1. Restricting the search to the stretch 153-174, which residues are part of a loop (DSSP other than H, G, I, E, B) and not small (Gly, Ala, Ser)?
2. Taking the stated definitions as given, is VAL184 more than 16 Å from the ligand (Cβ to nearest atom), in contact with a strand residue (DSSP E or B) (Cβ under 9 Å, 6 or more places away or on another chain), at pLDDT 95 or above and more than 30 Å from LEU337 (Cα to Cα)?
3. Can ALA50 be described as touching a residue at least 40 places away in the same chain (Cβ under 8 Å), more than 16 Å from LEU273 (Cα to Cα) and surrounded by fewer than 19 Cβ atoms within 10 Å (Cβ to Cβ)?
4. Specify the residue that is farthest from PHE326 (Cα to Cα); the eligible residues are those in the stretch 277-312 that are β-branched (Val, Ile, Thr), surrounded by fewer than 20 Cβ atoms within 10 Å (Cβ to Cβ) and not assigned by TED's automatic domain parsing to the domain that holds VAL136.
5. Let me confirm something: among ILE129, ILE161, which residue is more than 16 Å from the ligand (Cβ to nearest atom) and in contact (Cβ under 8 Å) with a residue 12 or more places away in the chain?
6. Considering only residues that are free of Cβ contacts under 8 Å to residues at least 24 places away in the same chain and within 24 Å of GLY114 (Cα to Cα), which ones fall in the stretch 309-333?
7. Looking only at the stretch 328-350, how many residues end up being part of a helix (DSSP H, G or I) and either under 27 Å from the mean Cα position of the chain (by Cα) or on the phi > 0 side of the Ramachandran plot (or both)?
8. Determine which member of the set ILE330, ILE311, ILE361 is touching a Phe, Trp or Tyr at 6+ places or on another chain (Cβ under 9 Å) and more than 16 Å from the ligand (Cβ to nearest atom).
Amino acid sequence: MAHFDHNAKPFSEKWLDERLAVKTLRRVLAEEYWIPKDINFLWAMGMILAVTFGLLTISGIFLLMYYKPDVALAFDSVNYTIMQEVGYGWLFRHIHGVAASVVFLIIYIHMFTGIYYGSYKQGREMIWISGMLLFVTFSAEAFSGYMLPWGQMSYWAGMVITNLFSAGSLELNAVVEWIRGDYVPGDAYLTRFFMLHVLLLPLVIIGIIVLHFGTLRIPHVNNQEGAEIDFDEEAKKYLAGNTQEAKVIRFQWDFLSKDFMVLGFFLILFFYLTFYHFAFAMDPVNFDPADGLKTPAHIYPEWYFLWSYEILRPFPKDPGLIAFAFSQVIFVLLPFLDRSPNAVPAHKRPMFFIWFWLLLIDMILLTFMGKLPPEGMFSTIGLWSAIAFIVLWIALPFITKNEKKI
Ligand code: HEM
């Protein structure tokens, strides 16, 4: 039994330390958590993501107070009650909508920063894998949330995506019915997606965020040169007062103060969008209530799913589904497909540098094509961009295998 100081004041540092080891926690998570000095603003994206998730959670809790998960009431509870009756309801809806869109932009920047700097190498594979799990769960969270206003796009996007399970030659209609709890998206469907959106998926996301932070702690974050840093040695220099020479800074408050500055710029932009340009995050078609008898002329997903949608669309049945499944899992395998011994930034790896930019441009092209109707030249460009995406990933192990050690 540990020896307790019975005179320690309740909730004083000593009292808490004896019960919760707060000093050890602070030492491991803050004071002795070393971050490389050689990083740029892109390393603030992780913190911006964490804060945006916080904004989504808080605004979501306010929306939850008035939302009604019932096909007869959902549309009005959002468009009438929240938007017009509840004081500042519109503000919480706009924060939620804008954050749901912007979070994907930041996720993509965060992912491509990791790819560019090879941050999935040198013992950082689990950071990457947990990050990709976050990407998948955020995607499911966004999709389930999109169902809730029960507008035309909620209904028809739900119809199209759930139909995918029976689109192959296996024709798994029973699976589609099982997911929907009905023949078509209806009340059972809305209620279960509501549960997923407000309970199960947020819990899973919080769990994976903790895992993602945990995976960062031992290999430490990467740096702009991909240099292998002896963190113990550099920390000693720092603690000896040699902060100029040391290659590391403390997480608290050196790194955090840099993060907060970038976060400040982000929040200015975020609230500017929330107050003045929220429309980009709200599809006009979704302001018509769901109607199972009136298919919209053109059904498309939100912008952040367009690239993978465009990989599905140009191919017939089974090949389309296989290509789509490929696009969903391939990023997870990146640490194992990049076989180069070098963990340096892309501009020092000529072939990989070209691969990186081709992939990024290809995904932007797929995104634009995914929004346009699949006709004439657009469908040809869409098809070739989808093929290019697959070829680029298949080529990756070959172009990285023979890379010379730098
Ligand atoms: C969506 C929620 C996410 C949150 C809250 C989050 C948070 C963070 C934080 C705070 C960091 C450390 C600082 C930084 O480098 O930015 C980090 C690093 C990292 N994250 Fe995420 N992340 C998320 C999603 C992702 C995704 C989708 C990926 C892609 C697979 C990813 C991959 C990485 C990698 C590879 C690093 C290490 C960067 C380095 O070592 O330099 N994360 N993340």
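The values are calculated or read from the model by the stated rules, or taken from the named source; none is laboratory data. No experiment lies behind these values; they were computed from the predicted model shown. Because the Cβ atoms are built from the backbone with ideal geometry, glycine has one as well, and the counts that use them run over all protein chains shown.
1. LEU170, GLU171, LEU172
2. Here the answer is no, as VAL184 does not meet what is asked.
3. Yes: the conditions hold for ALA50.
4. THR295
5. Among ILE129, ILE161, only ILE161 is more than 16 Å from the ligand (Cβ to nearest atom) and in contact (Cβ under 8 Å) with a residue 12 or more places away in the chain.
6. ALA325, VAL329, LEU333
7. Adding up the residues that qualify gives 12.
8. Testing whether each residue is touching a Phe, Trp or Tyr at 6+ places or on another chain (Cβ under 9 Å) and more than 16 Å from the ligand (Cβ to nearest atom) leaves just ILE311.
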